[in-house]
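Trainee: One structure, as structure tokens, below. Some questions next.
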Amino acid sequence: MTETPLLRIGIIRTLASAEQEEAINCFDKLPNSPCVHPGFEVEIIDAIFKLLHWNYTWVIADEYGSVSGASGTGLIGMVHRGEVDIGASTIRFLPDRMTLVDFAYPIWYYKQSYILAKPQAYSYRHFVFTPFDPFVWLLLAVTVLLCVLLDWAVNCLLLLRHQTAKRKVFASVISLQNYVGMLLMQNVNLPRFASCTMILSFYAFFSLILTNYYESVMTGLLAVPLNRRVPFYGIDKLIPLLETKEKLLVYFSEGTEPMYPESLKARFKASLVGNPIRVSPSLSTVDDIIAHQGGVYFGSEFEDKIPFRVSDSNPDKGFITVRDDTVASTMGSFIFPKNSTYLKRFNNALIYVLPGVHRIKGRYPGQRPYPSAEYSAWVGGLTLTLDHLWEIFPIWLTGLSLAVLCWLLELYGWRRKNQQKMASEKNNTVGMLFNHLNWFQVKNERSAFLNRDINYFNSTSTA
């Protein structure tokens, strides 16, 4: 008769909260005494061992450990050195770990995640200027001033040419009131010249689009609850915050780093030179670093537990969990020493248990999916930039160019008209001069005839 093997199972007492106190207090009674909720991974192990008719005993590990050193640390090191026959706390498949231990068939999928303090409430300071970015506001101010300047120049050259400086300054104020009032949807004075009409027409279209954009964005900003602003969503956005020391990484043990794309490796390593990962085995210390020092705890979470990009994972502590979609999902399972004789039979039995692992896991309230905290994401797209408005400004510049062309034509026509008027007045003056000369000539001729008649009459009377 084959002797029933007795396997040593390495396991970590969880750092989790009171919801797993029952598992912590009774899992080590197995297999000799029953335990209603020994922990979902312990239940899976127990089910497999019952199928195989194996016995087991527990060996407590302090931490998951890492591959640092020749034989690793924590649970990984215990399995590698053969101090235990199986690691019952599931661990992610990572290349460096696979050099020290073998993995059973995967039972979970993990996503890299970050735990950080819930960001501060959204500030409504400068709220009036939120709809447009500073460059758009600057272009708007330049546009109004350009319109006022062009309108004033047209009026000064065509209408107020001979008026006093005070009158011209007053005209510029009236022009400013018109163009600002149009943005505010107020009544304006109708222009007297075609070029001013051209400017006003295109500016009216420009103002209509901008005012409707502004009203729509302001309505959206007031309707959408801008409560929080999540500072990053992936390792690519976290690295700049590490470089500026706005954030710092924290973990329970040394020798562990978050996953990152190979393209970001050099930059990530450089960010840790002046801002190294803080390490503490104390949960309270880690919580304090997260809450008060801008700490970011990195780790992995079950993929089905964080279905949302931002999860309200710990409202009592004021922590949120951010899922990193820039890094691929990883598999996780139990670990065995290299070339273990038990691994193949364990995997054969695991196949029969796999369909029920999620049902077993679902019995534990702490393994239910976190609620969404997407309400805390910043709706940054509501601020309009030049990318949103680039079509308006070329149209406006086209209208402004046509207005300038029209103004030049009006100026040319005004000058031609003045030249013709001056030529006509000059001709009239010359004509009047000739008329006067003709009048004097006629008068002299008449005087000569009259004198001749008088002389003739006098000579006749004497005779």
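Trainee: If we sort 237-245, 318-326, 354-362 on the protection proxy, mean other Cβ atoms within 10 Å, highest first, what's the order?
Mentor: 318-326, 237-245, 354-362
Trainee: Of the accessible area of region 312-366, with the probe set at 1.4 angstrom, what percent is carbon plus sulfur?
Mentor: 54
Trainee: Taking amide hydrogens as modeled 1.01 Å from N in the peptide plane, which residues meet the under 5 Å criterion relative to Phe93, leaving out close sequence neighbours?
Mentor: Long-range HN contacts for Phe93: Met331, Gly332, Ser333.
Trainee: Please compare each pair in Lys29/Lys361; Lys111/Lys305; Lys111/Lys338 to a cut-off of 18 Å on the Cα-Cα distance and tell me which ones are over it.
Mentor: Lys29/Lys361; Lys111/Lys338
Trainee: Would you mind working out the accessible area per residue for region 317-362, using a 1.4 Å probe, and quoting it in Å²?
Mentor: That works out to 49 Å² per residue.
Trainee: Taking amide H positions as placed in the peptide plane 1.01 Å from N, state which residues far from Leu7 in sequence (5 or more) or on other chains have amide H under 5 Å from it.
Mentor: Here Asn55, Tyr56, Thr57 satisfy the definition.
Trainee: Read phi for every residue in region 134-141 and hand back ³J(HN,Hα) as whole Hz from Karplus 6.51 cos²θ - 1.76 cosθ + 1.60, θ = phi - 60°, with x for Gly and Pro.
Mentor: x, 5, 5, 4, 5, 4, 5, 5
Trainee: Still on this structure, I have one more. Near the amide H of Ala61, under 5 Å away, which other amide H atoms are found, from residues 5 or more places off or on another chain, if H is placed in the peptide plane?
Mentor: Ile11, Ile12, Arg13
Trainee: Along region 262-270, what does the Karplus equation 6.51 cos²θ - 1.76 cosθ + 1.60 (θ = phi - 60°) give for ³J(HN,Hα), rounded to whole Hz, x for Gly and Pro?
Mentor: 4, 5, 9, 4, 4, 5, 5, 4, 5
Trainee: Taking all pairs of different Cα atoms in region 55-151, averaging 1/r and flipping that mean, what Kirkwood radius in angstroms comes out?
Mentor: Result for region 55-151, one decimal place: 19.3 Å.
Trainee: Mind running the shape call on region 233-320? Use the C-alpha gyration tensor, a ≥ b ≥ c as the square roots of the eigenvalues: rounded below 1.5 for a/c, prolate if a/b tops b/c, oblate otherwise.
Mentor: Oblate, since a/c reaches 1.5 and b/c is not below a/b.
The values are calculated or read from the model by the stated rules, or taken from the named source; none is laboratory data. The shown structure was predicted, so the numbers you read here are calculated from the model rather than taken from an experiment. For neighbour counting, all protein chains shown are included, and Cβ atoms are generated from backbone atoms with ideal geometry for every residue, glycine included. We work out accessible area using only protein heavy atoms, side chains counted, and drop any ligands, DNA or RNA first. Shrake-Rupley method; radii C 1.70, N 1.55, O 1.52, S 1.80 Å.
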